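Worksheet: the structure to be examined is printed underneath.
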Amino acid sequence: MTLTPRDAFTQWQQSILSGSAGTGGVPLADDVVVEWPFNPPERPRRIDGRAAFEAVARAGRAALPVRFEEFSDVVVHETSDPEVVVAEYRLGGTVLATGRRASAPFILVLRVRDGQIVHVREYQDVAAMERALGGPLPSGRA
């Protein structure tokens, strides 16, 4: 059975909740492109290639003091392109230093081709994330 974009999003969610930062168990193409169009200048806006993304994701996850615990308000939109889904959701968790629970909204555009994720574009509400953390995001975070 070939991985569908909806299945890929489900695997993406599971990897985030398991702490593997979108890498473990997610079938990324070697030449995957990952983008965050609204990242501030000190954070990457585009990464080319699985190895580069995994390195940035691991470092970013290690620097982010949050345990992600749930996806809520999830809506997955099928598109006219069978390779693409658009997912809207809130990602919630606990800030480890304070025990405070918080969440922030995201939109993820995911393209899957031949059973592998070839393009990810994530729109993050950076201001909401910083409010949840009580300060700026670590600069190495994707």
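The values are calculated or read from the model by the stated rules, or taken from the named source; none is laboratory data. Just so it is clear, the structure is predicted and the values come from calculations on it, not from any experiment. Here the Cβ is made from the backbone with ideal geometry for all residues, glycine too, and neighbour counts use every protein chain on show.
Which residues, taken from the stretch 50-64, are over 19 Å from Arg121 (Cβ atoms) and among the hydrophobic types (A, V, I, L, M, F, W, C)?
Once the filter is applied, which keeps residues that are over 19 Å from Arg121 (Cβ atoms) and among the hydrophobic types (A, V, I, L, M, F, W, C), the stretch 50-64 yields Ala51, Ala55, Ala59, Ala62, Ala63, Leu64.
Residues of the stretch 90-134 being hydroxyl-bearing (Ser, Thr, Tyr), over 19 Å from Val76 (Cβ atoms) and in a strand (DSSP E or B), which ones?
Thr94 - this is the single residue of the stretch 90-134 that is hydroxyl-bearing (Ser, Thr, Tyr), over 19 Å from Val76 (Cβ atoms) and in a strand (DSSP E or B).
Somewhere in the stretch 41-50, is a residue more than 24 Å from Pro27 (Cα to Cα) and without any contact (Cβ under 8 Å) to a residue 24 or more places away in the chain?
yes
Which of the residues belonging to the stretch 95-105 are surrounded by fewer than 17 Cβ atoms within 10 Å (Cβ to Cβ), over 15 Å from Arg121 (Cα atoms) and either touching a Gly at 6+ places or on another chain (Cβ under 8 Å) or at pLDDT 90 or above (or both)?
Scanning the stretch 95-105 gives Val95, Thr98, Arg100, Arg101.
If you go through the stretch 59-73 one residue at a time, do you hit one that is free of Cβ contacts under 8 Å to residues at least 40 places away in the same chain and closer than 24 Å to Arg6 by Cα?
Yes, because at least one residue in the stretch 59-73 is free of Cβ contacts under 8 Å to residues at least 40 places away in the same chain and closer than 24 Å to Arg6 by Cα.
Out of all the residues in the stretch 74-96, which are without any contact (Cβ under 8 Å) to a residue 24 or more places away in the chain and of a type in the set (S, T, N, Q)?
Thr79, Ser80 - these are the residues of the stretch 74-96 that are without any contact (Cβ under 8 Å) to a residue 24 or more places away in the chain and of a type in the set (S, T, N, Q).
Determine if the stretch 28-37 includes at least one residue that is under 13 Å from the mean Cα position of the chain (by Cα), modelled with pLDDT of 80 or more, aromatic (Phe, Trp, Tyr) and farther than 19 Å from Asp125 by Cα.
no
Would you pick out the residues in the stretch 7-49 that are among the charged types (D, E, K, R) and closer than 21 Å to Val86 by Cα?
Listed by number, the residues that qualify are Asp7, Asp31, Glu35, Arg45, Arg46, Asp48.
Run down Leu91, Leu108 and say which single residue is in contact with a Ser or Thr (Cβ under 7 Å, 6 or more places away or on another chain), at pLDDT 90 or above and farther than 14 Å from Thr4 by Cβ.
Testing whether each residue is in contact with a Ser or Thr (Cβ under 7 Å, 6 or more places away or on another chain), at pLDDT 90 or above and farther than 14 Å from Thr4 by Cβ leaves just Leu91.
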